[in-house]
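Participant: Here's a structure for you.
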């Protein structure tokens with residue numbers, strides 16, 4: 001039995017991806033111009049019309065005109081019989097017309113002349129998926145994305161691997177660190193929520209399955225867009241699996257080691273409010289030993305200082321933090337608030353400072369919002385106060 005596309009899903013995948021590809025620009029003069037400006041092909045002399053016929057064939061494929069696509073692709077093959085892209089276009093035209101046998105023969109010729117043609121890779125990728133050979137399909141995908149890393153953002157390319165039985169093969173390939181892995185994490189702006197969720201699950205699975213964590217900065221944009229699309233749980237999983245330095249425990253970076261005054265890696269990083277009345281520096285910036293933030297305020301009102309997003313299961317928690325004045329004594333000038341927005345959260349009723357000099361407050365987490373914003377504020381007062389040792393644990 002010929003190794004033709006076994007199912008409509010495979011054929012649909014091949015056609016969807018082929019429709020995204022651009023005809024290779026290999027001609028010169030007007031022939032080159034015809035590859036980028038449809039309509040110029042009628043002015044190209046016959047001996048130099050390879051790209052012109054490719055342009056016609058691609059346009060016909062995109063509008064679903066099978067006879068015109070076959071006619072133009074056959075003309076391109078006659079003018080460029082050793083060019084893999086021409087045989088691949090002919091195979092695409094046959095595939096569009098549901099002539100799987102002829103498509104298979106054309107793509108075999110294209111494959112024999114060179115595997116670097118994108119449409120050929122896509123065809124055989126679809127073949128492997130249809131046969132259930134997901135390891136080989138992932139190898140074909142790897143070859144395709146090495147040449148076309150921007151296609152990592154195209155659902156037509158990635159959906160069959162992200163949501164079907166080929167997912168484990170994709171995770172395995174990403175775990176080997178291919179050059180398109182950063183593009184896979186970064187190219188997510190046009191994905192629908194379900195596609196974003198699948199992308200986040202894959203990135204999490206790679207890190208948890210033994211692959212090298214991508215890093216805080218690399219996953220930051222993916223984390224943020226997951227949060228903004230209402231997928232805070234998936235965002236938290238991506239963050240914790242790929243940014244261990246900032247996600248230890250429930251709070252993450254309780255001593256502000258990774259705090260940045262001019263930005264943040266993601267919404268789960270500590271961020272500065274930027275109030276002109278408040279000065280915030282790390283202990284190291286102040287030339288002081290230890291960790292934490294050195295905070296001073298010239299405002300007569302309580303001001304926001306630093307905050308971060310938290311994704312927590314429903315339940316009760318105890319928040320603890322150390323606040324120390326310049327004289328070395330514990331102080332209650334640093335207070336906490338929790339809410340569904342970065343500002344305006346409800347103040348938390350703090351307990352009396354304990355024997356260890358720690359402030360604390362109880363938190364009741366519900367599903368009023370997908371994730372909660374924790375903000376620390378500084379009360380009016382003279383002198384500097386040090387904030388450190390922020391911790392969050394389950395209460396009961």
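Participant: Residues 320, 377, 316, 333: which one is surrounded by fewer than 13 Cβ atoms within 10 Å (Cβ to Cβ), in contact with a strand residue (DSSP E or B) (Cβ under 8 Å, 6 or more places away or on another chain) and at pLDDT 95 or above?
Facilitator: Just one listed residue meets the conditions, 316.
Participant: Any residue that is buried (at least 17 other Cβ atoms within 10 Å of the Cβ), assigned by TED's automatic domain parsing to the domain that holds residue 243, closer than 24 Å to residue 244 by Cα and over 13 Å from the mean Cα position of the chain (by Cα) - is there at least one of those in region 195-205?
Facilitator: Scanning region 195-205 turns up at least one residue that is buried (at least 17 other Cβ atoms within 10 Å of the Cβ), assigned by TED's automatic domain parsing to the domain that holds residue 243, closer than 24 Å to residue 244 by Cα and over 13 Å from the mean Cα position of the chain (by Cα).
Participant: May I pose another question? Given 144, 107, which one is modelled with pLDDT of 85 or more, crowded, with 24+ Cβ neighbours inside 10 Å and either closer than 27 Å to residue 194 by Cβ or touching a helix residue (DSSP H, G or I) at 6+ places or on another chain (Cβ under 6 Å) (or both)?
Facilitator: 144
Participant: Tell me, which residue of region 341-358 that is surrounded by fewer than 15 Cβ atoms within 10 Å (Cβ to Cβ) and assigned to a strand (DSSP E or B) is nearest to the chain's Cα centre (by Cα)?
Facilitator: For region 341-358, the residue satisfying everything is 346.
For every residue, the table says whether it meets (1) buried (at least 18 other Cβ atoms within 10 Å of the Cβ); (2) at pLDDT below 90; (3) within 30 Å of residue 172 (Cβ to Cβ); (4) under 16 Å from the mean Cα position of the chain (by Cα).
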site	(1), (2), (3), (4)
210	no, yes, yes, no
214	yes, no, yes, yes
248	no, yes, yes, no
270	yes, no, no, no
274	no, yes, no, no
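Participant: Based on what the data block shows, is residue 361 more than 22 Å from residue 281 (Cα to Cα), assigned by TED's automatic domain parsing to the domain that holds residue 294 and in a strand (DSSP E or B)?
Facilitator: Working: more than 22 Å from residue 281 (Cα to Cα): yes; assigned by TED's automatic domain parsing to the domain that holds residue 294: yes; in a strand (DSSP E or B): yes.
Yes; evaluated as a whole, the condition is true for this residue.
Participant: Step by step: first the residues of region 57-95, then only those that are more than 19 Å from residue 108 (Cβ to Cβ) and assigned to a loop (DSSP other than H, G, I, E, B), then the one that is modelled with the highest pLDDT. Which residue is that?
Facilitator: Here the residue is 65.
The values are calculated or read from the model by the stated rules, or taken from the named source; none is laboratory data. Bear in mind the structure is a predicted one, so any value in this text is a computation, not a measurement. Note: ideal-geometry Cβ built from the backbone for every residue, glycine included; neighbour counts use all protein chains shown.
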